[in-house]
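Notes for the one structure printed next.
The values are calculated or read from the model by the stated rules, or taken from the named source; none is laboratory data. All values reported here derive from a predicted model rather than from experimental measurement. Please note: Cβ atoms are built from the backbone with ideal geometry, for glycine as well, and neighbour counts cover all protein chains shown. Keep in mind that these areas ignore ligands, DNA and RNA; they rest on the heavy atoms of the full protein, side chains included. Shrake-Rupley method; radii C 1.70, N 1.55, O 1.52, S 1.80 Å.
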Amino acid sequence: MKQTKRHQEIIDLVQKHGYVSTDDLVERFNVSPQTIRRDLNELADENKIRRHHGGATIPSSSVNTAYNARKVMQLGEKDSIAQALAKHIPDGATLFIDIGTTPEAVARALAESHKDLRIVTNNINVASILMGKDDFKVILAGGEVRNKDGGIVGEATLDFISQFRLDFGILGISGIDYDGSLLDFDYHEVRVKKAIIENSRSVFLAVDHTKFGRNAMVNLGNISEIHLLITNEEPPVEITAVLNEHDIAYEVIRT
């Protein structure tokens, strides 16, 4: 395959999946790792991708992938991560569930397997998933509803979330930088996430591997503030070092 065609396919893969690994590209194109690294470096120099240790992500740090696209990205991985996380939630627990497609997958897993949960959420999609369970109590936060994804944000949401003290907070995130920074795109959403962290006894973060090293504008905090990370691939060594330094538990679910 000619280099220009390979470059375009790499760009297409990054835009479709959010993240691609060097190993996957080597296997896909049947070329040497050195060739793929050179391709990625050239594309990064042109700002067509963002180069990371072990792979590449989309370059933008100001605009998130559209919700309808995110709903179909890494579906199997998100479901496996969600099922693994659900095993850590006992029946009868109280919990926050955040905005995002992975927290929505967690809601589906809980609906299939749990009893007597009390859930506070600022995600209309989560409320819709869980409201059919007679033994679940679902409390929906007030605030401004975002048409694009059913998330509820704003000062009223922040005030509402801050009234509670619950057993678990289930977070989604747009990106985790190599220093452990938790990143997202919307300042208002980030403020609500911080409130969930502050008002949860245990905070669980569910992310697929495409979030590692992914850039976003707003710094939510650090991965050291959570209690459990569940993902589908081993985190980059830099992020693993932060997890180990702060004694944060993490699980890798092979899919």
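Remarks
- Condition met for residue 89 (under 23 Å from residue 209 (Cβ atoms), open to solvent by less than 10 Å² (accessible area, probe 1.4 Å), of a type in the set (Val, Ile, Thr) and out of contact with any Leu (no Cβ under 9 Å at 6 or more places or on another chain)): no
- The set of residues in the range 154-165 being open to solvent by 10 Å² or more (accessible area, probe 1.4 Å) and within 20 Å of residue 221 (Cα to Cα) consists of 154, 155, 158, 159, 162, 165.
- Number of the exception - residue 196 against (1) under 24 Å from residue 15 (Cα atoms); (2) not in a strand (DSSP E or B): (1)
- Qualifying residue in the range 219-236 (condition: assigned to a helix (DSSP H, G or I), over 19 Å from residue 102 (Cα atoms) and free of Cβ contacts under 8 Å to residues at least 24 places away in the same chain): no
- For residue 138, the conditions (1) free of Cβ contacts under 8 Å to residues at least 60 places away in the same chain; (2) surrounded by 21 or more Cβ atoms within 10 Å (Cβ to Cβ); (3) aliphatic (A, V, I, L, M); (4) not in a helix (DSSP H, G or I) all hold with the exception of (2).
- Residues being of a type in the set (Ser, Thr, Tyr), surrounded by 12 or more Cβ atoms within 10 Å (Cβ to Cβ) and not in a helix (DSSP H, G or I) - total across the range 1-38: 2
- Residue count, the range 217-244 (criterion: open to solvent by less than 40 Å² (accessible area, probe 1.4 Å) and not polar (S, T, N, Q)): 13
- Residue match in the range 245-254 (condition: more than 23 Å from residue 78 (Cα to Cα) and either assigned to a loop (DSSP other than H, G, I, E, B) or open to solvent by less than 10 Å² (accessible area, probe 1.4 Å) (or both)): yes
- From 175, 150, 213, residue being of a type in the set (Gly, Ala, Ser) and surrounded by fewer than 23 Cβ atoms within 10 Å (Cβ to Cβ): 150
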